[in-house]
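The values are calculated or read from the model by the stated rules, or taken from the named source; none is laboratory data. What you are looking at is a predicted structure, and each value in this text was computed from that prediction instead of being measured. Ideal geometry is used to build each Cβ from the backbone, glycine not excepted, and the neighbour counts take in all protein chains shown. SASA here: full protein model, heavy atoms, side chains in, ligands and nucleic acids out. Shrake-Rupley method; radii C 1.70, N 1.55, O 1.52, S 1.80 Å.
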Amino acid sequence: QVQLVESGGGLVQPGGSLRLSCAASDIIFSSYTMHWYRQAPGKQRELVERITAGGSTLYLDSVKGRFTISRDNSKNTVYLQMNSLKPEDTAGYYCNGRLGAFDLWGKGTQVTVSS
């Protein structure tokens, strides 16, 4: 069964770090462009970072220098390393994979940044 499963969210204090993981199954993971999106309450979902099959990355300006996306094709997993977290980073974080007409979503993991 094709699925994306996120993990690694939680409660962290401002300035702290978290690493999110998204494990894929039953897809040719290495061919997919992978994305991390986030959605805060009352706000639209926004693209946080993207990494292509070739490893090119794209970052949301507000996270540049703090968040890093990476992928391990041997583990069918994409990561989001989040440092220097701010309260405004609080949101549900969602993994997305795209290849042609295939558009896959995980169920999300909650990140809450609060003291």
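Annotations for the structure displayed:
- The single residue among 23, 53 that is small (Gly, Ala, Ser), over 14 Å from the mean Cα position of the chain (by Cα) and surrounded by 12 or more Cβ atoms within 10 Å (Cβ to Cβ) turns out to be 53.
- Selected residue [surrounded by 14 or more Cβ atoms within 10 Å (Cβ to Cβ) and out of contact with any Leu (no Cβ under 9 Å at 6 or more places or on another chain)] from 39, 44: 39
Yes/no matrix, rows are residues, columns are (1) closer than 17 Å to residue 40 by Cα; (2) within 11 Å of the chain's Cα centre (by Cα):
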| residue | (1), (2) |
| --- | --- |
| 64 | no, no |
| 72 | no, no |
| 78 | no, yes |
| 84 | no, no |
| 88 | yes, no |
| 91 | yes, no |
| 99 | no, no |
| 102 | no, no |
| 114 | yes, no |
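- Residue 10 fulfils the conditions (1) farther than 18 Å from residue 113 by Cβ; (2) exposed (fewer than 14 other Cβ atoms within 10 Å of the Cβ) except for a single criterion, (1).
- Any hit, the range 79-87, residues being charged (D, E, K, R), open to solvent by 70 Å² or more (accessible area, probe 1.4 Å) and touching a Pro at 6+ places or on another chain (Cβ under 9 Å): yes
- Residue identified as touching a residue at least 40 places away in the same chain (Cβ under 8 Å) and part of a loop (DSSP other than H, G, I, E, B) among 16, 55: 16
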